[in-house]
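Below you'll find the structure, written out as structure tokens, and then a few comments.
The values are calculated or read from the model by the stated rules, or taken from the named source; none is laboratory data. Computed from a predicted structure; not experimentally measured. Counting neighbours? That spans all protein chains shown, and the Cβs are built from the backbone with ideal geometry, glycine included. SASA here: full protein model, heavy atoms, side chains in, ligands and nucleic acids out. Shrake-Rupley method; radii C 1.70, N 1.55, O 1.52, S 1.80 Å.
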Amino acid sequence: MSLLFRRIALAWVLCTALPAGAQKPGPEDNIAGPYVPTPWVIVDDMLKLADIRADDVVYDLGSGDGRLVITAAKRFGARGVGIELQPDLVELAHAGAKKEGVADRVTFVQGDLFETDIRDATVVTLYLLPRFVTRLVPRFLAELRPGTRIVSHDYPLAPWHPDKDVSLDVPEKEFISGTSWTRLYYYVVPARIGGVWELSLPKALARAPLSLEVNQEPHTVGGLVSDGRSEDYLRDMKVKGEQVSFGLLYNGRMMAFEGRAVGETMTGEVSAKGVKGPWTARRLSPSVAPK
């Protein structure tokens with residue numbers, strides 16, 4: 001295949017032939033063009049990376065013939081929902097689910113993935129063009145429950161940094177994208193902890209509650225603690241699902257915090273030299289949503 005032909009084919013396929021979920025709200029761009037199914041080897045690796053379990057609810061955005069949610073149901077016993085704009089593909093997916101004996105565990109919705117409710121998902125998979133992936137990031141962070149796993153095929157959820165990524169060599173993809181190189185990006189939705197909190201520590205570490213202010217963005221999270229006289233920045237703050245950890249140097253003492261964020265409270269254990277005990281935080285201001 002000549003280089004010129006490859007470039008023409010690549011441009012045509014990327015503009016028209018990736019999964020039908022590549023949609024914009026405007027009707028003129030709601031049909032993404034000819035459907036290109038995800039190769040089976042990639043379906044297998046996406047489900048493996050997501051660590052699918054029987055109690056999962058897998059949502060596939062731009063589900064095409066439904067192969068991903070059908071496989072999740074048949075192989076792992078999970079429930080699944082495919083969201084697809086094109087009615088002929090929805091019908092094909094329903095037929096496939098019936099053939100594989102999982103029609104009672106999966107459903108397919110004809111609709112716009114930007115508008116369909118996805119809040120019940122414990123796992124979300126997608127294979128969309130970068131501009132559509134990026135548009136979904138604020139929605140994922142605002143609507144999905146902490147701990148929800150997301151696997152994106154080929155394109156990262158920029159500017160959100162993945163928790164891990166996997167590279168694959170898939171020869172059958174070369175005609176689709178001009179290269180056999182494939183990358184899968186894995187994310188865990190973090191608890192929404194932005195805002196101002198009242199932080200309570202053991203008396204040996206702080207005699208009175210402290211003010212904790214957290215700034216949370218898709219690509220970073222951090223904050224500072226104030227006692228009314230001084231301010232100290234949190235160190236190496238991490239949020240993965242409901243799990244929260246950070247360090248704090250306060251009153252000459254280095255403290256390590258491990259805990260869990262659920263709704264408007266955080267609880268856990270703090271340790272410093274010679275001291276270990278519980279810590280709690282109560283949100284005082286409305287949550288500051290990630291941008």
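Helical content of the chain, expressed as a calculated mean residue ellipticity at 222 nm, amounts to -7000 deg cm²/dmol (DSSP H runs of 4 or more residues, -39,500 (n - 2.57) each, divided by residue number, nearest 500). Dividing the mean sequence gap of close Cα pairs (under 8 Å, 6+ apart) by how many residues the range 167-291 holds gives a relative contact order of 23 percent. Shown here for the range 98-153: GluC sites (Glu not before Pro) in loop regions (DSSP other than H, G, I, E, B) with at most 11 other Cβ atoms within 10 Å, namely GLU115.
Between helix 40-50 and the chain there is an angle of about 10 degrees, using the helix long axis and the longest principal axis of the Cα atoms.
Per-atom-type breakdown for the chain gives carbon and sulfur 54% of the accessible area (1.4 Å probe, protein chains only). Principal-axis analysis of the Cα atoms of the chain puts helix 130-143 at an angle of about 40° to the longest axis. Please say if the range 52-148 is rounded, prolate or oblate, where rounded means a/c under 1.5 for a ≥ b ≥ c the square roots of the C-alpha gyration tensor eigenvalues, and otherwise the choice is prolate for a/b larger than b/c and oblate otherwise? It is oblate, given that a/c is not under 1.5 and a/b is not larger than b/c.
Going by a ≥ b ≥ c, the root eigenvalues of the Cα gyration tensor, does the range 163-291 fall in the rounded group (a/c under 1.5), the prolate group (a/b larger than b/c) or the oblate group? It comes out prolate by the Cα gyration axes. The long axis of helix 67-76 is offset from the longest Cα principal axis of the chain by roughly 60 degrees. Put a plus charge on the Cβ of each Lys and Arg, a minus charge on the Cβ of each Asp and Glu, and nothing anywhere else: the dipole of the range 200-243 about its Cα centre is then about 220 debye.
In this structure the range 48-169 gives 42 Å² per residue of accessible area when probed at 1.4 Å with all protein chains present. Of the trypsin sites (Lys or Arg not before Pro) in the range 173-206, the ones in a loop by DSSP (not H, G, I, E or B) with at most 14 other beta carbons within 10 Å are LYS203.
Ellipsoid semi-axes for the chain, based on the Cα gyration tensor and the rule √(5λ), read 43, 20, 17 Å when sorted largest first.
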